[in-house]
Amino acid sequence: MEPKRIREGYLVKKGSLFSTWKPMWVVLLEDGIEFYKKKIDNSPKGMIPLKGSTLTSPCQDFGKRMFVLKITTTKQQDHFFQAAFLEERDAWVRDIKKAIKCIEGGQKFARKSTRRSIRLPETVDLGALYLCMKDPEKGIKELNLEKEKKVFNHCFTGSSVIDWLISNKSVRNRQEGLMISASLLSEGYLQPAGDLSKSAADGTAENPFLDNPDAFYFFPDSGFFCEGNSSDEDVILKEEFRGVIIKQGCLLKQGHRRKNWKVRKFILREDPAYLHYYDPAGGEDPLGAIHLRGCVVTSVESNHDGKKSDDENLFEIITADEVHYYLQAATPKERTEWIKAIQVASRTGK
C-alpha cells in the first residue's frame, strides 16, 4: 500500500546546492516528505525520510525570512521550507511532528479532534499567544501613532503590549511581560517600528523589547506602513495597504504576456479592497495589485485561450477596468474559499 497523504500544498524550499528559494508542491506522507516542481508532475524532485529526523520551528537561520521550518535527517542534511503565513507554518509543523512521533512509536497517523483550552499552557506557546494578541475584539488595538512628524499606521506601543499581557493574565508582572515580549520579538511575531524600538532590538538596550509608550511595534502580517511628508502619489499607493488582511496564501497566476503559470503569494485586504501578489521566495514589495472594488469573480473551466487547463480549480477576476486575471487554486475547496472572500471584499471595500 502507498503511504497515506497527510498534507499537501505550496511551500518555498531552499535549494540543497544553491542558496535559492523556489516554490514547490510539497506532500507530507506518513514516512516522508516529497516535493515536486509542479503539482501536476508525476515524479517528485526529491524525498525527505522522516524516520529519525528532527524538526526545528521557528527557524531563525535566515534573518528576515519568516515562517521557516527546518528538517534535519539522520544523515545531518538540513532541509528548509518557508510557509506563506504563521497559521500555515504551524499546521505543517503539527502534522510533521506527529508523523515523526508515530514512526518512532510504530503507530499509524490518525487525526483526533482536540478541544482548545482558553488558558495558555504553563510553557507559553508563542504562536497561540500571537493569535490571541491579534484577535480583532480582545487583542491589542492597532492604532495610527504620530512621532517626529511621521505617522505609524497599524501599530502599538511597547507599554500597551505589557499592559495587554497582564490584563489577559498571560504574565504576572511587567518583568515577566518583558521576557515574553522579547521572545515574541526575537522569533518574528512582533516587529520594531521607529528608531527607538529598532535600536533596542539591535542590541543597544539592556532588553531588546522596551516597556515604553514611545517605542512602537507592529504585527508582521498587518497593514503597517509609515508615512511622513510624501507626494500625493505615495499616499495613494500606501492607501492600498490600509485594509485589514482577510485571507492569504499561495496560488498559481497566469502571466498577461507569456501566459505562463507561476506560484505567487496573495494577500487579500478589504476596505480598501486589494489583492496584492508577491514572489513567494522573497521580496517585501508586491509584484502587482488587483483593485477589487466592483470586480467580478467566477469559476472557469478553461483559460481565455479556450484551452483546457492541466488541472482544475481555475477562477477568473475581471476588474472594473475590464482587466482579466486567471488564477488556480490547489483544491476545489480552496477555490471556493478564495472566490467567496474576494466577493465579500469587492462589495465592502473602497
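L185 meets each of the listed conditions (1) closer than 18 Å to E142 by Cβ; (2) of a type in the set (A, V, I, L, M); (3) open to solvent by 30 Å² or more (accessible area, probe 1.4 Å) apart from (3).
The numbered conditions (1) surrounded by 20 or more Cβ atoms within 10 Å (Cβ to Cβ); (2) closer than 14 Å to R7 by Cβ are all true for K98 except (1). Across segment 322-350, what is the total count of residues that are over 21 Å from the mean Cα position of the chain (by Cα), of a type in the set (S, T, Y) and either open to solvent by less than 70 Å² (accessible area, probe 1.4 Å) or at pLDDT 90 or above (or both)? Of the residues in segment 322-350, 3 are over 21 Å from the mean Cα position of the chain (by Cα), of a type in the set (S, T, Y) and either open to solvent by less than 70 Å² (accessible area, probe 1.4 Å) or at pLDDT 90 or above (or both). From the list F81, F62, the one residue that fits, being touching a strand residue (DSSP E or B) at 6+ places or on another chain (Cβ under 8 Å), open to solvent by less than 20 Å² (accessible area, probe 1.4 Å) and either outside the structural domain of I267 (by the TED database) or in a loop (DSSP other than H, G, I, E, B) (or both), is F81. Checked against (1) surrounded by 18 or more Cβ atoms within 10 Å (Cβ to Cβ); (2) over 25 Å from I103 (Cβ atoms); (3) of a type in the set (V, I, T), I40 passes all but a single condition, namely (1).
Quick grid of which residues meet (1) in contact with a helix residue (DSSP H, G or I) (Cβ under 8 Å, 6 or more places away or on another chain); (2) more than 25 Å from D135 (Cβ to Cβ); (3) at pLDDT 90 or above:
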{"position": "R174", "(1), (2), (3)": "yes, no, yes"}
{"position": "D195", "(1), (2), (3)": "no, yes, no"}
{"position": "F216", "(1), (2), (3)": "yes, no, yes"}
{"position": "P220", "(1), (2), (3)": "no, no, no"}
{"position": "G223", "(1), (2), (3)": "yes, no, no"}
{"position": "E227", "(1), (2), (3)": "yes, yes, no"}
{"position": "D234", "(1), (2), (3)": "no, yes, no"}
{"position": "F241", "(1), (2), (3)": "no, no, no"}
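Residues of segment 22-31 that are under 17 Å from Q77 (Cβ atoms), open to solvent by 10 Å² or more (accessible area, probe 1.4 Å) and either under 21 Å from the mean Cα position of the chain (by Cα) or among the aromatic types (F, W, Y) (or both): M24 alone.
Here is a yes/no grid of residues against (1) touching a helix residue (DSSP H, G or I) at 6+ places or on another chain (Cβ under 8 Å); (2) part of a strand (DSSP E or B); (3) aliphatic (A, V, I, L, M); (4) within 28 Å of N42 (Cα to Cα):
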| site | (1), (2), (3), (4) |
| --- | --- |
| A320 | no, no, yes, no |
| L327 | yes, yes, yes, yes |
| E334 | no, no, no, yes |
| I339 | no, no, yes, no |
| A345 | no, no, yes, no |
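Number of residues in segment 16-36 that are outside any strand (DSSP E or B) and either among the polar types (S, T, N, Q) or at pLDDT 90 or above (or both) equals 5. Here is a check on your reading of the model: is S53 buried (at least 20 other Cβ atoms within 10 Å of the Cβ), in contact (Cβ under 8 Å) with a residue 40 or more places away in the chain and within 25 Å of D125 (Cβ to Cβ)? So S53 passes the test.
The values are calculated or read from the model by the stated rules, or taken from the named source; none is laboratory data. The shown structure was predicted, so the numbers you read here are calculated from the model rather than taken from an experiment. Here the Cβ is made from the backbone with ideal geometry for all residues, glycine too, and neighbour counts use every protein chain on show. Ligands, DNA and RNA are excluded from the accessible area calculation, which covers all protein heavy atoms including side chains. Shrake-Rupley method; radii C 1.70, N 1.55, O 1.52, S 1.80 Å.
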